[in-house]
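*Asks:* Pasting a structure here, questions to come.
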Ligand SMILES: Nc1ncnc2c1ncn2[C@@H]1O[C@H](COP(=O)(O)OP(=O)(O)OP(=O)(O)O)[C@@H](O)[C@H]1O
Ligand SMILES: [Mg+2]
């Protein structure tokens, strides 16, 4: 049986068996629904009207916060979604956000072996896997997800731990910004968070020149799922701009491009910096916004010294279309055989027999 690759993000679960060059077989919302007897479970029915308080999420900003919910979610993935049978579980390759606390990682391992009886376990940082997904082992991954953003220089497969940056900003913050902007311009109309998120995914875009588009921005009509027609104008570009001007989100952060350059410039030796900037992987759902790559490239060109040509790496043509959207999951496919190899045991890979002898590898 192929190992299972699991990338459970703040917004989307990406899971499936590690068959080469394929999208994850399961992609669905991480959010769960609290049913009337207080038991949270995945909702298959769209009929019942849900109120916001019914929706719970075991993950916040990439990190597991509710272990009971998380176990329910894993159980659903393994036994209902992927068809594992109790007593015949397989191996698991799990993706981790940057700077995952050690206590969280230890607990994941414990639950995987003790509750789910996995026969092998391996964990790798999402940003490193994103680089692998485009066939690189050296470069800088910029993963902009729902709850967090990870910037990770990687040299010859090794994460440069001292140079990474984790920003507590993601698509969720953009959704809330859209909601705020929309309410300010349309005081008589109220949108809920789910509608705002859907709207964001449909209309938001990054302007090549934000100041210019703000001067002269077309207003477009959009039909919401409930049939309401709304007008969207500048909001769509304000949302797109937030990663380039984080002050729009009321946070003190450098722009995403400056942050990337800052991480890379702290890498030693300095000869490596050029290769890192010439192999940038911009990935994650939020970075799929139209115009994001072009603007990133434009600003990177302006920041770079004349001898460096910053470049955003694209996946090879034979890879599935959604490779950058699911990059951590896709990158994990390239190391799926790792959990069978002895030489990985001293890192984060353990087989059941290794675990029973020692827990020291953490
Ligand atoms: N076309 C789009 N425009 C803007 N945002 C988008 C678009 N498509 C997806 N998103 C956003 O991308 C985010 C989900 O991305 P992703 O799957 O990378 O996050 P995640 O892995 O669940 O979260 P994290 O890695 O932060 O824990 C959501 O906020 C979603 O609204
Ligand atoms: Mg993610």
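*Asks:* Answer yes if at least one residue in region 22-29 is away from ligand 2 (no atom under 13 Å from the Cβ) and at pLDDT below 95, and no otherwise.
*Replies:* Yes, that holds for at least one residue.
*Asks:* Right, here's the next one. Quickly run through region 178-221 and pick out the residues that are more than 12 Å from ligand 1 (Cβ to nearest atom), closer than 26 Å to residue 295 by Cβ and in contact (Cβ under 8 Å) with a residue 60 or more places away in the chain.
*Replies:* Correct list: 207, 208.
The rows are residues; the columns are (1) away from ligand 1 (no atom under 16 Å from the Cβ); (2) modelled with pLDDT of 95 or more; (3) assigned by TED's automatic domain parsing to the domain that holds residue 330.
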{"site": "223", "(1), (2), (3)": "yes, no, no"}
{"site": "229", "(1), (2), (3)": "yes, no, no"}
{"site": "242", "(1), (2), (3)": "no, yes, no"}
{"site": "261", "(1), (2), (3)": "yes, yes, no"}
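*Asks:* Hey, another quick one. Which of the residues that make up region 75-100 are within 23 Å of residue 148 (Cα to Cα) and free of Cβ contacts under 8 Å to residues at least 60 places away in the same chain?
*Replies:* 96, 100
*Asks:* Somewhere in region 328-336, is a residue under 24 Å from residue 9 (Cα atoms), part of a loop (DSSP other than H, G, I, E, B) and modelled with pLDDT of 95 or more?
*Replies:* No, the conditions are met nowhere in region 328-336.
The values are calculated or read from the model by the stated rules, or taken from the named source; none is laboratory data. Predicted model, so just to flag it, every value in this text is computed and none were measured. All Cβ positions, even for glycine, are placed from backbone atoms using ideal geometry, and neighbour counts span all protein chains on display.
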